Amino acid sequence: MKRWSRTVAAVLVLGSVSLAAVVLAADAAKPARTAAEKAALIERGRTLVGIMGCNDCHTPGGLYAQPDAKRELAGSEIGWKGPWGVSFARNLTPDLETGMGYWTEDEIVRAFKTGNKNDGTQMLPPMPWLTTAKLTDADQHALALYLMSLPAISHHVPDALPPGKDYAGPTVVIPAPGAWDAPAGAK
């Protein structure tokens, strides 16, 4: 019995070491970016943020055509109320407590592709993840690097509220869809 336990333990240790080696090899296989390449990607990300209107929702004042550049992408307290409840434009800066500081570049890109946050839950409307999913890999990485390059701003955005819960602050109300606009299968 003791021999069997040692064998199982040895297999588990070897398996763990092998898995770690594969992960490290995969990371090592990624070519390192030069400073100039990274700077170019960050600038491309900045351009995409402007083109895609990210500041409209995620920067205070953006919906009023006067975004506060000192609080760029630090989130908003304007609620988006719809059939899903009330959602808020999240803090996208690399603040460790209230923003995306613990997210890696690959995790941000995965969110752009899938519309899922790190905890596996779906991003709520009106986040246009169906649009970000169609970006090229290079553009998704450029956006992620730009977000990671921003100054960290501490701003806790209100948590999303389920349907039926009201928010006392300002809201943009999106009514339930009519028959023509209802999602397929909901008619």
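Can you tell me which residues in the range 118-176 are more than 28 Å from THR47 (Cα to Cα) and of a type in the set (Gly, Ala, Ser)?
Result: GLY120, ALA160, GLY164, ALA168, GLY169, ALA176.
Any chance the range 67-80 includes a residue that's free of Cβ contacts under 8 Å to residues at least 60 places away in the same chain and crowded, with 21+ Cβ neighbours inside 10 Å?
Scanning the range 67-80 turns up no residue that is free of Cβ contacts under 8 Å to residues at least 60 places away in the same chain and crowded, with 21+ Cβ neighbours inside 10 Å.
May I ask you to list the residues in the range 54-65 that are surrounded by fewer than 19 Cβ atoms within 10 Å (Cβ to Cβ), at pLDDT 95 or above and assigned to a loop (DSSP other than H, G, I, E, B)?
Passing the criteria: only GLY61.
Among helices (runs of 4 or more DSSP H) lying entirely in the range 95-187, which contain 1 or more residues that are in contact (Cβ under 8 Å) with a residue 60 or more places away in the chain and open to solvent by less than 90 Å² (accessible area, probe 1.4 Å)?
129-132, 137-149
The values are calculated or read from the model by the stated rules, or taken from the named source; none is laboratory data. Computed from a predicted model, the values in this text were never measured in an experiment. Positions of Cβ are generated from backbone atoms using ideal geometry, with glycine treated the same way; all protein chains shown enter the neighbour counts. When the accessible area is computed, the model is the full protein with side chains, heavy atoms only, and any ligands, DNA or RNA have been set aside. Shrake-Rupley method; radii C 1.70, N 1.55, O 1.52, S 1.80 Å.
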